[in-house]
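Following: one structure in structure tokens, then a few remarks.
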Amino acid sequence: MRGTTDFIDKKREKPKEVDALKRVQNWNEYKKPFPEEKLKTQAARCMECGTPFCQMGELIGRQTSGCPLYNLIPEWNTLASQGKWEEAYHRLLLTNNFPEFTSRACPAPCEGSCTAGLVSEPVTIKSIEKAIIDRAFEEGWVKPRIPLKRTGLKVAVVGSGPAGMAAADDLNQAGHDVTVFEKEDRFGGLLMYGIPNMKIEKKYVQRRIDLLQAEGITFKANTEIGKDITLDQLRQQFDAVLLCIGAEKQRDIDIPGRSLNGIYPAMQYLKTSTKHLLEHGEAGEPAISAKGKKVIVIGGGDTGADCVATAIRQGCKSVVQFGKHGELPKERPAHEPWPINPSLFTLDYAYEETLKVFGEDPREYYIQTTEFLGDHNGRVKGLMTVPFSDVPVTEEQFWEADLVLIAIGFQGVNPSETAGVAVANGRIQTRPGSFQTTTEGIFTAGDAKRGASLIVWALQEGKKAAKEIDQFLIGKNEAIEQPSA
Ligand SMILES: Cc1cc2nc3c(=O)[nH]c(=O)nc-3n(C[C@H](O)[C@H](O)[C@H](O)COP(=O)(O)OP(=O)(O)OC[C@H]3O[C@@H](n4cnc5c(N)ncnc54)[C@H](O)[C@@H]3O)c2cc1C
Ligand code: SF4
């Protein structure tokens with residue numbers, strides 16, 4: 001039974017994690033399930049506020065605040081606190097196509113905007129979301145939903161990441177015939193070949209693809225639009241086309257020594273690692289391996305952190321991560337007042353692991369690489385850095401390294417894949433207030449449209465684009481109901 005001041009009286013708790021020294025010995029997810037009684041107590045901390053900022057999903061400045069999927073958080077928290085798990089699952093499904101992904105890897109901007117956080121600590125929304133969807137799969141409540149009617153209209157979705165999958169799901173449920181084209185050998189976009197297995201196990205991505213296939217969606221792998229089929233041909237064969245091709249083009253560093261062996265873009269490294277795991281398990285070593293190496297990751301963001309955690313599991317000798325910026329504050333800063341989701345210093349899983357394995361945090365702040373140095377075989381042996389500063393500095397430092405990973409962000413879409421639509425600053429351009437590109441009948445959503453972002457935004461955009469395509473196709477919108485933004 002929920003008490004009126006539970007959000008103050010009961011302490012926020014999160015599920016336990018596998019000890020860092022143990023979990024680095026394998027590639028499994030490391031978050032343990034929450035016991036039911038604890039879940040109910042945590043869900044009861046939600047006060048079902050009249051104005052739930054947690055579900056508003058707005059950008060305030062550059063920060064995501066609240067849930068971009070407008071998840072009905074207080075409603076499913078109440079149901080969870082009463083042990084009504086199946087009902088909670090159906091509430092969750094109203095807004096979120098794939099809670100098994102968001103509840104594992106979303107940075108949970110909902111929690112930064114939770115009203116309880118004003119006077120106490122926020123509700124553990126993400127853990128409750130995970131418990132609801134994991135239970136729904138375990139209990140067999142998640143079943144293929146096969147549409148009863150078909151419109152006979154055909155939609156091509158290019159790219160099988162979260163944006164493409166969400167759009168394909170909603171368009172299929174609306175009765176359209178959906179084909180998803182993917183250039184890789186496996187589906188899921190960055191859910192499959194970007195985010196490492198310990199954050200989202202790949203069996204869960206495949207489970208969802210299998211469900212979508214059972215519901216009638218056709219998936220075609222190893223098919224690259226722009227190479228195997230042109231966009232123009234696709235447009236002629238389908239009634240509408242949706243481009244969800246991500247923002248794959250990575251930023252690089254143009255400094256002396258860049259062409260030395262042993263320097264790789266982060267995504268090549270992460271993809272090689274996951275592919276090896278899926279094909280060979282723990283046996284042998286992937287083509288790019290950190291085993292026994294001194295690793296430097298250039299780039300202080302989340303992709304860099306995933307490289308750190310991957311290198312540790314491969315058995316690196318040491319690992320350091322360079323960031324251009326300083327350490328984030330530990331407390332909510334004045335310039336990010338509630339309900340803005342604040343950018344705070346956290347001991348992310350990768351950093352906790354490095355601390356335990358090597359005794360120190362891998363992060364080096366305010367640092368800029370100026371040159372890579374090689375040995376006589378053309379392999380990288382180290383690099384030079386200077387402090388990152390607005391004024392020229394001469395204070396150089398040498399760092400030994402025999403594997404360097406570049407994780408300094410993404411420039412946007414690959415131009416070769418977007419012939420036929422307008423692109424500016426790496427993003428596919430759309431008509432004002434629309435997901436339709438400059439070319440009639442061709443739409444876009446996700447990272448390809450907004451630039452490198454988050455799963456939760458990709459899902460939101462995929463859903464909204466699907467709604468617009470549905471309207472474009474049949475001129476009415478009975479099939480796809482969405483909460484208004
Ligand atoms: C290493 C890493 C870790 C991340 N971790 C998180 C996290 O923990 N939490 C979070 O919320 N977000 C995370 N993100 C961001 C998140 O993964 C992305 O924002 C999200 O996947 C974008 O979805 P999308 O569908 O737009 O594109 P993507 O997931 O990039 O999918 C695009 C798909 O299109 C395919 N494609 C591209 N061109 C073509 C073509 N011409 N023909 C056919 N197919 C094509 C690609 O192969 C790919 O499968 C991470 C990103 C990276 C790189
Ligand atoms: S999807 Fe993300 S923002 Fe939305 S409720 Fe789940 S954890 Fe929070």
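The values are calculated or read from the model by the stated rules, or taken from the named source; none is laboratory data. Since this is a predicted model, take the numbers as computed values, not measurements. Methodologically, a virtual Cβ is constructed for each residue, glycine included, from the backbone with ideal geometry; neighbour enumeration extends over all protein chains shown. To get the accessible areas, we keep the full protein, side chains included, count just its heavy atoms, and leave off ligands, DNA and RNA. Shrake-Rupley method; radii C 1.70, N 1.55, O 1.52, S 1.80 Å.
Numbers at a glance
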| read-out | value |
| --- | --- |
| Accessible carbon and sulfur surface of the range 6-139 relative to its total accessible area, %, 1.4 Å | 50 |
| In order through the range 324-340: 3J(HN,Hα) via Karplus (6.51 cos²θ - 1.76 cosθ + 1.60), integer Hz, x for Gly, Pro | 7, 9, x, 5, 6, x, 7, 10, 4, x, 4, 7, 10, x, 4, x, 5 |
| Members of K199/K467; K11/K40; K31/K293 lying beyond 19 Å, as alpha-carbon distances in this model show | K199/K467; K31/K293 |
| Percent antiparallel among DSSP beta bridges (both partners in the chain, rounded to 5) | 40 |
| D254-K16 FRET efficiency (beta carbon distance; Förster radius 51 Å; 0.05 resolution) | 0.70 |
| For the range 188-322: relative contact order, % (alpha-carbon pairs under 8 angstrom, 6 or more apart) | 22 |
| Residues L59 and S389, FRET efficiency given R0 of 41 Å [Cβ-Cβ distance, rounded to 0.05] | 0.85 |
| Heavy-atom surface of the chain, accessible at 1.4 Å and reported per residue (Å²) | 45 |
| The range 1-138, relative contact order [Cα under 8 Å, separation at least 6], % | 28 |
| Efficiency of FRET from Cβ geometry, H280 and K227, R₀ 35 Å, rounded to 0.05 | 0.80 |
| Burial ranking of peptide ranges 386-399, 334-347, 99-112 (average Cβ count within 10 Å, highest at the top) | 99-112, 334-347, 386-399 |
| Distance between the range 187-223 and the range 101-143 - C-alpha centres, whole angstrom | 21 |
| Helix-derived mean residue ellipticity, 222 nm - over the chain, DSSP H n ≥ 4, -39500 (n - 2.57), to 500 | -9500 deg cm²/dmol |
| Taking all pairs of distinct alpha-carbon atoms in the chain, Kirkwood radius in angstrom | 23.8 |
| Anchor K143: aspartates and glutamates whose Cα lies under 16 Å away (excluding residues fewer than 8 positions away in-chain) | E86, E87, E100, D134, D169, D170, D210, E215 |
| Whole-Å semi-axes of the range 252-408's equivalent ellipsoid (Cα gyration tensor) | 27, 22, 13 |
| Nonlocal amide H pairs with S113, under 5 Å, H built at 1.01 Å | G66 |
| The chain, relative contact order [Cα under 8 Å, separation at least 6], % | 17 |
| Karplus-derived HN-Hα couplings along the range 251-266 (A = 6.51, B = -1.76, C = 1.60, θ = phi - 60°), whole Hz, x at Gly and Pro | 6, 10, 10, 9, 9, x, x, 4, 7, 5, 6, x, 10, 9, x, 3 |
| Cα gyration tensor shape for the range 6-139, rounded if a/c is under 1.5, else prolate or oblate | rounded |
| Nonlocal amide H pairs with H176, under 5 Å, H built at 1.01 Å | T151 |
| Amide proton proximity set for I229, modelled H, under 5 Å, gap of 5+ | E224 |
| 23 Å Cα-Cα threshold exceeded, pairs from K249/K324; K16/K330; K154/K227; K130/K183; K202/K271; K126/K202 | K130/K183 |
| Relative intensity, log₁₀ I(q)/I(0), of the range 174-281 from a Debye sum that treats every alpha carbon as a point, q = 0.10, 0.17 Å⁻¹ | -0.40, -0.97 |
| Karplus (6.51, -1.76, 1.60) ³J(HN,Hα), θ = phi - 60°, over the range 85-101, in Hz, Gly and Pro reported as x | 5, 5, 5, 4, 4, 5, 5, 4, 5, 4, 10, 10, 5, 9, x, 5, 8 |
| Peptide ranges 174-182, 213-221 listed from the most packed, as the mean C-beta count within 10 angstrom indicates | 174-182, 213-221 |
| Rounded, prolate or oblate (a/c below 1.5 giving rounded, otherwise prolate when a/b exceeds b/c) for the range 136-193 by Cα gyration tensor | oblate |
